[in-house]
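> There's a structure below that I have some questions on.
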Ligand code: BJW
Ligand code: ZN
């Protein structure tokens, strides 16, 4: 274990992977009965999927209003679908990284564990995680705008753009756009978990998109310890007991070692 002059309980930053904060967070996770993990785009960055904000982020190149709103889709479904088709093709060529795999392995040990993700890429599933609460939907799911039928379509490139349902209706990506409600049963489970856990681990999210951004505060106000893993400071940092500055693929295997 490395040396740190900060008291372990309130050490805000780690100082290298073997820091006091990392060791304390690891032992909190080992001793906790109920754990939830909230992930964001940062966990998939080392797999080669761009994040949304920050350097190289998707929203630095594209305007969210033109691509990730129901209004944009209503205006030009083909344009929106071309972007999603492209992203699906990028995701299909990459795989889960050590961060995804560490979470899947930890879940397989058994116990009360909830994985909540804002990511639509499906990399947690591909790493072997079960019962992933996908609060922003799934890019591999298509939903009919007329009859509501949902189907999974995993081919990297769709044959028809925009795709249509067997009822003839236009299909949309099964993701949550700005201004849309989160899938209610999934969101309910995520909030319930946040209220009943001992430790919430928040990984690779800028924590600026609501309502998910409020989960760390909800967990904290219900007595959970909050541990953050991120390259940068975020609004979660102020409520986190431990903020581990590092990449998800490096820190998570250490945390669950
Ligand atoms: C690493 C790393 C490494 C990098 N290791 N770390 C004003 C104030 C408050 C709220 C609002 C407001 N105006 C509008 C709203 C509401 C809006 C919102 O929150 N907007 C804010 C942005 C201002 N929210 C909504 O509209 C939501 N719905 C809603 O509120 O509904 C209300 C309602 C109720 C009832 C009926 C109707 C409506 C819906 C939000 C949907 C978000 N959708 C997206 C797109 C999904 C589909 C797709 O992928 O195309 O979800 S946007 C995008 O942001 C995506 C993500 O899931 C989400 C969060 O991003 P995330 O994961 O945090 O990524 P980044 O890039 O932001 O951060 C990456 C982080 O990783 C950084 O911190 C890096 O440092 C770090 N990192 N590499 C560790 N290797
Ligand atoms: Zn249909």
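The values are calculated or read from the model by the stated rules, or taken from the named source; none is laboratory data. The model shown is predicted, which means the values in this text are computed figures rather than measured ones. Cβ coordinates were reconstructed from backbone atoms using ideal geometry, including for glycine residues, and neighbour counts include every protein chain displayed.
Condition check ((1) more than 16 Å from ligand 1 (Cβ to nearest atom); (2) part of a loop (DSSP other than H, G, I, E, B); (3) within 17 Å of the chain's Cα centre (by Cα); (4) farther than 18 Å from residue 213 by Cβ) across all residues:
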site: 48; (1), (2), (3), (4): no, yes, yes, yes
site: 53; (1), (2), (3), (4): no, yes, yes, no
site: 56; (1), (2), (3), (4): no, yes, no, yes
site: 60; (1), (2), (3), (4): no, no, no, yes
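Residue-wise test of (1) within 16 Å of ligand 2 (Cβ to nearest atom); (2) surrounded by fewer than 22 Cβ atoms within 10 Å (Cβ to Cβ); (3) touching a residue at least 60 places away in the same chain (Cβ under 8 Å); (4) within 21 Å of residue 78 (Cβ to Cβ).
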{"site": "115", "(1), (2), (3), (4)": "no, no, yes, no"}
{"site": "119", "(1), (2), (3), (4)": "no, no, yes, no"}
{"site": "126", "(1), (2), (3), (4)": "no, yes, no, no"}
{"site": "130", "(1), (2), (3), (4)": "no, yes, no, no"}
{"site": "143", "(1), (2), (3), (4)": "yes, yes, no, yes"}
{"site": "147", "(1), (2), (3), (4)": "yes, yes, no, yes"}
{"site": "153", "(1), (2), (3), (4)": "yes, yes, no, yes"}
{"site": "161", "(1), (2), (3), (4)": "no, yes, yes, yes"}
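> If residue 166 passes every condition in (1) in contact with a helix residue (DSSP H, G or I) (Cβ under 7 Å, 6 or more places away or on another chain); (2) within 16 Å of ligand 2 (Cβ to nearest atom) but one, which one does it miss?
Tallying (1) in contact with a helix residue (DSSP H, G or I) (Cβ under 7 Å, 6 or more places away or on another chain); (2) within 16 Å of ligand 2 (Cβ to nearest atom), residue 166 fails exactly one: (1).
> For residue 43, state whether it is buried (at least 21 other Cβ atoms within 10 Å of the Cβ), closer than 13 Å to residue 205 by Cβ and touching a strand residue (DSSP E or B) at 6+ places or on another chain (Cβ under 7 Å). Give the steps one after another, and end with the answer.
Numbers: buried (at least 21 other Cβ atoms within 10 Å of the Cβ): yes; closer than 13 Å to residue 205 by Cβ: yes; touching a strand residue (DSSP E or B) at 6+ places or on another chain (Cβ under 7 Å): yes.
Answer is yes for this residue.
> Assess whether residue 208 counts as being more than 16 Å from ligand 2 (Cβ to nearest atom) and assigned to a loop (DSSP other than H, G, I, E, B).
Values: more than 16 Å from ligand 2 (Cβ to nearest atom): yes; assigned to a loop (DSSP other than H, G, I, E, B): yes.
The answer is yes for residue 208.
> Right, something else. Against the conditions (1) closer than 30 Å to residue 76 by Cβ; (2) more than 16 Å from ligand 2 (Cβ to nearest atom); (3) touching a residue at least 60 places away in the same chain (Cβ under 8 Å), where does residue 173 fall short? Just the number, please.
Checking residue 173 against (1) closer than 30 Å to residue 76 by Cβ; (2) more than 16 Å from ligand 2 (Cβ to nearest atom); (3) touching a residue at least 60 places away in the same chain (Cβ under 8 Å), the one that fails is (2).
> Going by the conditions given, is residue 174 within 13 Å of ligand 1 (Cβ to nearest atom), over 23 Å from residue 131 (Cα atoms) and under 26 Å from the mean Cα position of the chain (by Cα)? Working first, answer last.
Values: within 13 Å of ligand 1 (Cβ to nearest atom): yes; over 23 Å from residue 131 (Cα atoms): no; under 26 Å from the mean Cα position of the chain (by Cα): yes.
Spelling it out, it is not the case that residue 174 is within 13 Å of ligand 1 (Cβ to nearest atom), over 23 Å from residue 131 (Cα atoms) and under 26 Å from the mean Cα position of the chain (by Cα).
> Would it be correct to say that residue 127 is at pLDDT below 95, more than 13 Å from ligand 1 (Cβ to nearest atom) and touching a helix residue (DSSP H, G or I) at 6+ places or on another chain (Cβ under 8 Å)? Lay out the reasoning, then the answer.
Numbers: at pLDDT below 95: no; more than 13 Å from ligand 1 (Cβ to nearest atom): yes; touching a helix residue (DSSP H, G or I) at 6+ places or on another chain (Cβ under 8 Å): yes.
Judged against the criteria, residue 127 is not a match.
> If you check residue 187 against the conditions, is it outside any strand (DSSP E or B), in contact with a helix residue (DSSP H, G or I) (Cβ under 6 Å, 6 or more places away or on another chain), within 15 Å of ligand 1 (Cβ to nearest atom) and in contact (Cβ under 8 Å) with a residue 40 or more places away in the chain? If you could, list the steps in order and put the result at the bottom.
Details: outside any strand (DSSP E or B): yes; in contact with a helix residue (DSSP H, G or I) (Cβ under 6 Å, 6 or more places away or on another chain): no; within 15 Å of ligand 1 (Cβ to nearest atom): yes; in contact (Cβ under 8 Å) with a residue 40 or more places away in the chain: yes.
Spelling it out, it is not the case that residue 187 is outside any strand (DSSP E or B), in contact with a helix residue (DSSP H, G or I) (Cβ under 6 Å, 6 or more places away or on another chain), within 15 Å of ligand 1 (Cβ to nearest atom) and in contact (Cβ under 8 Å) with a residue 40 or more places away in the chain.
> Any idea which of 166, 172 is part of a loop (DSSP other than H, G, I, E, B) and in contact with a strand residue (DSSP E or B) (Cβ under 9 Å, 6 or more places away or on another chain)? Reasoning before the result, please.
Working: 172 fails: part of a loop (DSSP other than H, G, I, E, B).
The unique qualifying residue is 166.
> I'd like to verify a number: residues in segment 209-235 that are within 9 Å of ligand 1 (Cβ to nearest atom), touching a residue at least 12 places away in the same chain (Cβ under 8 Å) and over 13 Å from the mean Cα position of the chain (by Cα), how many? So that I can check it myself, show each step before the final result.
Step one: of segment 209-235, the residues within 9 Å of ligand 1 (Cβ to nearest atom) are 209-213, 229-234.
Filter again for touching a residue at least 12 places away in the same chain (Cβ under 8 Å), leaving 209, 211-213, 229-232, 234.
If we keep only those that are over 13 Å from the mean Cα position of the chain (by Cα) as well, we get 211, 231-232, 234.
Adding up the residues that qualify gives 4.
> Then there is this: Restricting to segment 31-46, give me the number of residues that are part of a loop (DSSP other than H, G, I, E, B) and within 30 Å of residue 58 (Cα to Cα).
Taking segment 31-46 as the starting set, the residues that turn out to be part of a loop (DSSP other than H, G, I, E, B) are 32-33, 40-41, 46.
Applying the additional criterion that residues be within 30 Å of residue 58 (Cα to Cα) yields 40-41, 46.
So the count comes out to 3.
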